[in-house]
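Below is one structure, written out as structure tokens; the observations come after it.
The values are calculated or read from the model by the stated rules, or taken from the named source; none is laboratory data. Not measured: the values here are computed from a predicted model. Backbone-built Cβ (ideal geometry, glycine too); neighbour counts: all protein chains shown.
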Amino acid sequence: MLGTGIMGAAMARNLAKAGLRTRAWNRSREKAAPLADDGVEVADSAAEAVKGADAAITMLADANAVRGVVIGEEDALSALAGDAVWLQMSTIGVAATEELAGAAAEHDVVFVDAPVLGTKQPAEAGELIVLASGPEDAIDRCGPVFEAVGTRTFRLGEAGAGTRMKLVLNSWLLAITAGLAETVALARRLDVDPERFLEVIEGGPVGVPYAELKGRMMVEGEFPTAFPLSLAAKDAGIVLEAGERDGAEMPLIRAVQRHFAEAIERGHGDEDMAAVHRVAAGDD
């Protein structure tokens, strides 16, 4: 496991819990060190972490971080054996996925594009949704990994299809979150109890469980980090990047990105993405 942030650490624990020998590395070693208590071997370098492994997983913040670890200064890709599978599970966008798939081919390493849907709590519970794409036999080989970290695996075709699906899903979730932030703020301005709003939509055709999850944070004004606002803003950027490849303007996601950027400028980048509500509510 290369990368032991909110998602990577939880996934490494679940891999070890499932009985899979797991090594982990993180650029800041102190973030990886606690995993030793869960049966995870903590490596001193990315190359050491993947040497002799059947599969190497990257779960890092963005495309630049993945590049730096696998083909940059850490050069983990060169340390992988030819029969190993590289599971790229970070959300990095279409262009970066194509670039890194090419790098894997140059090193004769099998590349599986398998981003996940879910945040901190599903990751800790081993309940992520895996969006797997790549060679069928490689996905078969990675079955135990997917079973350890998730509850459902979708096989979506050739490498790259998983990332494209993830961006479609992220576009939906980003729009829901920003729209919900404005709705909760509007409820208060109209002297409507936002808790009653959530109650009215719960379980009905216009309600989704995600609204209760993020809406509760907005109502209470507390934003414990399940998925950082800074990473949500990054995801908005790569959704736009993907749309622009085909000439899509995507004004809604552009507006969402602006709201996220404003919240980050106000110092909320490390809070949960639901903290975009602070902008809509004019809290600071």
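Quick notes on this structure:
- Residue, surrounded by the most Cβ atoms within 10 Å (Cβ to Cβ), within segment 264-277, restricted to residues that are free of Cβ contacts under 8 Å to residues at least 40 places away in the same chain and not small (Gly, Ala, Ser): 264
- Residues located in segment 189-225, provided they are among the aliphatic types (A, V, I, L, M), closer than 17 Å to residue 283 by Cα and surrounded by fewer than 16 Cβ atoms within 10 Å (Cβ to Cβ): 190
- Checking the stated criteria, residue 20 turns out not to satisfy the condition of being in contact with a helix residue (DSSP H, G or I) (Cβ under 9 Å, 6 or more places away or on another chain) and surrounded by 23 or more Cβ atoms within 10 Å (Cβ to Cβ).
- Some residue of segment 32-40 being of a type in the set (Asp, Glu), over 17 Å from residue 126 (Cα atoms) and modelled with pLDDT under 95: no
- Within segment 160-185, residues that are touching a residue at least 60 places away in the same chain (Cβ under 8 Å) sit with their Cβ atoms under 7 Å from residues that are surrounded by fewer than 19 Cβ atoms within 10 Å (Cβ to Cβ) and small (Gly, Ala, Ser), at 6+ positions apart or across chains, in these pairs: 185/281.
- Residue selected from segment 115-129 under the condition outside any loop (DSSP other than H, G, I, E, B) and touching a residue at least 40 places away in the same chain (Cβ under 8 Å), by the criterion surrounded by the fewest Cβ atoms within 10 Å (Cβ to Cβ): 121
- Applying a threshold of 7 Å to beta carbon distances and a minimum spacing of six or more residues, or different chains, the list of pairs starting in segment 138-152 at a residue that is modelled with pLDDT of 95 or more and ending at one that is acidic (Asp, Glu) and surrounded by 14 or more Cβ atoms within 10 Å (Cβ to Cβ) reads 150/127; 151/127.
- Lone qualifier among 112, 85, 66 - being within 18 Å of residue 20 (Cα to Cα) and free of Cβ contacts under 8 Å to residues at least 60 places away in the same chain: 85
- Test: residue in segment 157-175 that is surrounded by 22 or more Cβ atoms within 10 Å (Cβ to Cβ), basic (Lys, Arg) and either within 14 Å of the chain's Cα centre (by Cα) or not in a helix (DSSP H, G or I) (or both): yes
- In segment 192-251, the residue that is farthest from residue 5 (Cα to Cα) out of those that are aromatic (Phe, Trp, Tyr) and not in a loop (DSSP other than H, G, I, E, B) is 197.
- Residue 260 falls short on exactly one of the conditions (1) surrounded by fewer than 22 Cβ atoms within 10 Å (Cβ to Cβ); (2) touching a residue at least 24 places away in the same chain (Cβ under 8 Å); (3) assigned to a helix (DSSP H, G or I), and that condition is (1).
- Test: residue in segment 239-250 that is under 30 Å from residue 191 (Cβ atoms), loosely packed, with under 14 Cβ neighbours inside 10 Å and assigned by TED's automatic domain parsing to the domain that holds residue 185: no
- Tallying residues that are farther than 30 Å from residue 273 by Cα and either in contact with a strand residue (DSSP E or B) (Cβ under 9 Å, 6 or more places away or on another chain) or at pLDDT 95 or above (or both) within segment 108-137 yields 7.
- So residue 186, is it buried (at least 20 other Cβ atoms within 10 Å of the Cβ) and part of a helix (DSSP H, G or I): no
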